[in-house]
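The values are calculated or read from the model by the stated rules, or taken from the named source; none is laboratory data. Please read all numbers here as calculations on a predicted model, not as lab measurements. Glycine gets a Cβ as well: all are built from the backbone with ideal geometry, and neighbour counts include every protein chain shown.
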Amino acid sequence: MALLPVSISIGVLCGLWFQITVMQGWLIAWVGYAGWASFYYAGGNTEGLKKSLAANIAGMTQGAIFFFLWTKVGGGNLLALSAIIGVYCFVMTIEGNIPLLVAIPGQFVGAAVYFGNLGAHDGDIWVTLLSTLVCMTIGNFAGLLSAKLPDLFAKKKEEASA
């Protein structure tokens, strides 16, 4: 039952986030959830928040640049697309040598979510980037909040029993 407090925190906050996205169609629930998952992968703490956000932002930004270049240069050639994807994935991985970008899966998550979010914004490269950035940032900070809330309640309980 060690996960019960954080499970309650995550459950309540995920439900609230979903309701917010229902009321504001520009925000996409699953994009925030991906940022949340990335936060926990990167450590589930303040240091993990920095690494997750940096990796997510790098992945989604490079994804936008990649997509922009593909629309300008790629022209439907699948061999060229395969080569560009290979270079792109190499770059996201090698950037793991940069301490702030060490959470390499966070870059792939940022990129994948960016590409998945394109459809919600009719393929608009820059609106999608902004939406992805906002939702993943909210998701990362919601992850931090979900990790910290159980500690706050535990402190209140300790104070009450003292």
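What the table below lists for this structure:
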{"item": "Residues located in the stretch 43-92, provided they are among the aliphatic types (A, V, I, L, M) and either in contact with a strand residue (DSSP E or B) (Cβ under 6 Å, 6 or more places away or on another chain) or farther than 28 Å from Gly143 by Cα (or both)", "result": "Leu69, Val73, Leu78, Leu79, Ala80, Leu81, Ala83, Ile84, Ile85, Val87"}
{"item": "Check on Gly110, at pLDDT 95 or above and within 22 Å of Leu16 (Cα to Cα)", "result": "no"}
{"item": "Subset tally (residues that are modelled with pLDDT under 80 and either under 30 Å from Tyr40 (Cβ atoms) or small (Gly, Ala, Ser) (or both)) for the stretch 53-76", "result": "3"}
{"item": "Residue check for Tyr41: in contact with a Ser or Thr (Cβ under 8 Å, 6 or more places away or on another chain) and either touching a residue at least 12 places away in the same chain (Cβ under 8 Å) or more than 21 Å from Val6 (Cβ to Cβ) (or both)", "result": "yes"}
{"item": "Helices (runs of 4 or more DSSP H) fully within the stretch 1-112 counting 3 or more residues that are within 30 Å of Phe153 (Cα to Cα)", "result": "4-23, 29-41, 46-69"}
{"item": "From Ala29, Ala37, Ala42, residue being closer than 23 Å to Leu129 by Cβ, out of contact with any Cys (no Cβ under 9 Å at 6 or more places or on another chain) and surrounded by fewer than 19 Cβ atoms within 10 Å (Cβ to Cβ)", "result": "Ala37"}
{"item": "Flag if Leu129 is among the hydrophobic types (A, V, I, L, M, F, W, C), in contact with a helix residue (DSSP H, G or I) (Cβ under 7 Å, 6 or more places away or on another chain), buried (at least 17 other Cβ atoms within 10 Å of the Cβ) and over 19 Å from Tyr41 (Cβ atoms)", "result": "yes"}
